[in-house]
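Participant: My questions will all concern the structure given below.
The values are calculated or read from the model by the stated rules, or taken from the named source; none is laboratory data. Keep in mind the model is a prediction, meaning the values are calculated, not measured. All Cβ positions, even for glycine, are placed from backbone atoms using ideal geometry, and neighbour counts span all protein chains on display.
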Amino acid sequence: MTASSNLSQYLGQEMHCACGRTHSTDLKKIDIEAGALQRLPQTIEELGYQNVFVVCDVNTWEAAGRAAEQELTDAGISHYVLVFPEKELVPDEQAVGKMMEAYEKGTDLLLAVGSGTLNDLCKFVSSQLGLPYMILATAPSMDGFVSVGAALIHNHVKTTYQAHVPEAVMGDPEILAAAPMEMIVAGLGDILGKYTCLVDWKMAHLIEGEYYCETIDNMVKESIGIVVEESDGIRRRDKEAVKHLMEALVLSGVAMSFTGNSRPASGSEHHLSHYWEMQFQMEDKKPVLHGIKVGVGMLAVIKMYEMLKEEQPDFAAAAKRQPDYAAWKKKVCDCYKDAAPGILELEEECHKNSVENRNRRLAVMEEKWPEIQKLIEKEIPSGSKMKEMMASLGEPVNPAQIGISPELVRDAVILAKEVRNRFTILQVLWDLGLLEEYAQKVTEYFAEK
């Protein structure tokens, strides 16, 4: 199974889907083949652009930025370059400000040379400026290349802004395969996290009546299948295998663009990752790549789903439980610190933790509990097998391996659902009054030798 023959079918057309919606993407070109870098000027000219704002950091400048700049110079394409000096660039207000300062009137295209952070920054800034952008990928590290969302840090909170998709995504397998191995492993983790997020999505459909599309679900499952099939080659940096990993990441991104948000590719495993990322930033600790945290988060969520499958909840007792909102608010303030006001404001807007909304969901859960158990049985992979596969690829399988303490594991399970208003297993556990118990059990699970 490979994605090579499938990606082009989604471009330049509308798909009238059985879900009742019409799917399309504004992505116009995908070039993940040998020589893509040399074809960069041709692609820009084909798309009709003449004055390019090239954005990279010190790492991606060496990986591909310098060569890309030379290609544009040789082709006579007008351009100028911003190289962020930070080796660990953070996509926050300061980075956005630097881009806006460097922007010149008359620019008609932003070109991001890099991966997750640079892609998000260029996606957001180009959307704000009303300009198109494209991405020359330097590492297959995440699946947001062609999604509509731009993930930034705003007021210390990881926030996803609606933006737009690139007009083109390019990546030379030789450059991608030469990326730091931790970035390649991060791409694997980001895709493997889809195992749990797809179940979260189906749970939201069953319990909350949220929109769901089987076609998009199958697209994401195809991306998982590609990565699992190519895992050995990816570990060896085989160029063809790494190319297929990149294609799987793009396919997942197209699925997100069809939905109009990240729902098919981001669930509770991403919420855990976001929480850990925010805590690392607050403590000025070296960040861990997104996909690596997602992989560890996925193992935590699989463990929770395995336990939930065996539960026979007392729904009547759960509906009578009175949440201690004062204790919850104190926990939010203690753990989210400067980000707490945004978290509290979100709850004020959506009331996801209110007794009324909880009891409404509990009534649906009670009715559909056998169906929920069957869903978990069918869709959630074996945690031990996933852990074994990930370890064989050199991917971290325990929070301690990436500097996450037992306390941070426990707090993430309890508080990560507050990062955004998205229904996942974490909300199910809150509703059932099981969240703190599961947080402790997951912490103990990772502490076992």
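Participant: Taking interchain pairs and intrachain pairs at least six residues apart, which have beta carbon atoms under 9 angstrom, with the first residue in region 175-199 and at positive phi and in contact (Cβ under 8 Å) with a residue 12 or more places away in the chain and the second assigned to a helix (DSSP H, G or I) and of a type in the set (S, T, N, Q)?
Facilitator: From residues that are at positive phi and in contact (Cβ under 8 Å) with a residue 12 or more places away in the chain, there are no pairs.
Participant: Could you tell me which of the residues 386, 390, 307, 365 is in a helix (DSSP H, G or I), in contact with a Lys or Arg (Cβ under 8 Å, 6 or more places away or on another chain) and outside the structural domain of residue 157 (by TED's automatic domain parsing)?
Facilitator: The match here is 307.
Participant: Any residue in region 257-269 that's over 14 Å from residue 151 (Cα atoms): show its pairings with residues that are in a helix (DSSP H, G or I) and among the charged types (D, E, K, R) at Cβ separation under 6 Å, as long as the two are six or more apart or on different chains.
Facilitator: Partner pairs satisfying both residue conditions: 267/200; 268/200.
Participant: Kindly establish whether residue 39 is of a type in the set (D, E, K, R), in contact with a Phe, Trp or Tyr (Cβ under 9 Å, 6 or more places away or on another chain) and closer than 25 Å to residue 253 by Cα.
Facilitator: No: the conditions fail for residue 39.
Participant: Return the residues of region 71-124 that are surrounded by fewer than 22 Cβ atoms within 10 Å (Cβ to Cβ) and either hydroxyl-bearing (Ser, Thr, Tyr) or at positive phi (or both); say none if nothing qualifies.
Facilitator: Passing the criteria: 73, 76, 78, 80, 103, 106, 107.
Participant: Would you pick out the residues in region 311-340 that are free of Cβ contacts under 8 Å to residues at least 12 places away in the same chain and under 25 Å from the mean Cα position of the chain (by Cα)?
Facilitator: Listed by number, the list holds a single entry, 340.
Participant: Could you please give the count of residues in region 208-245 that are under 18 Å from residue 195 (Cα atoms) and either β-branched (Val, Ile, Thr) or part of a helix (DSSP H, G or I) (or both)?
Facilitator: Looking only at that region, the number is 19.
Participant: For region 398-412, give me each residue that is in contact with a helix residue (DSSP H, G or I) (Cβ under 7 Å, 6 or more places away or on another chain) and either closer than 18 Å to residue 271 by Cβ or of a type in the set (Phe, Trp, Tyr) (or both).
Facilitator: 399, 402, 404, 408, 409, 410, 411, 412
Participant: Does residue 287 fit the bill of being in a helix (DSSP H, G or I) and either out of contact with any Lys or Arg (no Cβ under 8 Å at 6 or more places or on another chain) or of a type outside the set (Gly, Ala, Ser) (or both)? First the steps, then the outcome.
Facilitator: Details: in a helix (DSSP H, G or I): no; either out of contact with any Lys or Arg (no Cβ under 8 Å at 6 or more places or on another chain) or of a type outside the set (Gly, Ala, Ser) (or both): yes.
For residue 287, the condition - in a helix (DSSP H, G or I) and either out of contact with any Lys or Arg (no Cβ under 8 Å at 6 or more places or on another chain) or of a type outside the set (Gly, Ala, Ser) (or both) - is not met.
Participant: Do the conditions hold for residue 63, that is, is it surrounded by 15 or more Cβ atoms within 10 Å (Cβ to Cβ), in contact with a helix residue (DSSP H, G or I) (Cβ under 7 Å, 6 or more places away or on another chain), of a type outside the set (D, E, K, R) and closer than 17 Å to residue 166 by Cβ?
Facilitator: In short, no.
Participant: Say whether the condition of being closer than 15 Å to residue 138 by Cβ and either modelled with pLDDT under 95 or in a loop (DSSP other than H, G, I, E, B) (or both) is met by at least one residue in region 35-58.
Facilitator: Yes: one or more hits.
Participant: Continuing with this model, one more query. Within region 10-34, take every residue that is touching a residue at least 12 places away in the same chain (Cβ under 8 Å) and part of a strand (DSSP E or B) and give me the one that is surrounded by the fewest Cβ atoms within 10 Å (Cβ to Cβ).
Facilitator: Once the filter is applied, the top-ranked residue is 15.
Participant: Quickly run through region 349-367 and pick out the residues that are of a type in the set (D, E, K, R) and under 29 Å from the mean Cα position of the chain (by Cα). Let's see the steps before the verdict.
Facilitator: Going through region 349-367, the residues of a type in the set (D, E, K, R) turn out to be 349, 352, 356, 358, 360-361, 366-367.
The answer is 349, 352, 358, 361.
Participant: Report yes if some residue within region 286-303 is touching a residue at least 24 places away in the same chain (Cβ under 8 Å), surrounded by fewer than 21 Cβ atoms within 10 Å (Cβ to Cβ), among the small types (Gly, Ala, Ser) and farther than 18 Å from residue 427 by Cα; otherwise report no.
Facilitator: no
Participant: Could you list, in sequence order, all residues of region 220-275 that are touching a helix residue (DSSP H, G or I) at 6+ places or on another chain (Cβ under 6 Å) and more than 28 Å from residue 158 (Cβ to Cβ)?
Facilitator: If the condition is that a residue be touching a helix residue (DSSP H, G or I) at 6+ places or on another chain (Cβ under 6 Å) and more than 28 Å from residue 158 (Cβ to Cβ), then 230, 233, 237, 239, 241, 243, 244 are the ones that fit.
Participant: Continuing with this model, one more query. Quick check on residue 383: is it small (Gly, Ala, Ser), surrounded by 13 or more Cβ atoms within 10 Å (Cβ to Cβ), on the phi > 0 side of the Ramachandran plot and touching a residue at least 40 places away in the same chain (Cβ under 8 Å)? Steps first, please.
Facilitator: Numbers: small (Gly, Ala, Ser): yes; surrounded by 13 or more Cβ atoms within 10 Å (Cβ to Cβ): yes; on the phi > 0 side of the Ramachandran plot: no; touching a residue at least 40 places away in the same chain (Cβ under 8 Å): yes.
Taking the combined requirement at face value, the residue does not satisfy it.
Participant: Further, regarding this structure: Taking residue 209 and the conditions (1) modelled with pLDDT of 95 or more; (2) closer than 19 Å to residue 265 by Cβ, which numbered condition does it fall short on, given that it satisfies the others?
Facilitator: Tallying (1) modelled with pLDDT of 95 or more; (2) closer than 19 Å to residue 265 by Cβ, residue 209 fails exactly one: (2).
Participant: Now for a separate question. In this structure, does residue 375 turn out to be surrounded by fewer than 21 Cβ atoms within 10 Å (Cβ to Cβ) and either polar (S, T, N, Q) or closer than 16 Å to residue 297 by Cα (or both)?
Facilitator: Answer is no for this residue.
Participant: Hand me the list of helices (runs of 4 or more DSSP H) wholly inside region 405-449 holding 1 or more residues that are among the polar types (S, T, N, Q) and in contact with a Pro (Cβ under 8 Å, 6 or more places away or on another chain).
Facilitator: 435-447
Participant: Looking at (1) touching a Cys at 6+ places or on another chain (Cβ under 7 Å); (2) without any contact (Cβ under 8 Å) to a residue 24 or more places away in the chain, which is the one condition that is false for residue 421?
Facilitator: Residue 421 satisfies all of (1) touching a Cys at 6+ places or on another chain (Cβ under 7 Å); (2) without any contact (Cβ under 8 Å) to a residue 24 or more places away in the chain except (2).
Participant: Tell me, which helices (runs of 4 or more DSSP H) lie completely within region 93-193 with 3 or more residues that are under 16 Å from residue 55 (Cα atoms)?
Facilitator: 93-102, 116-129
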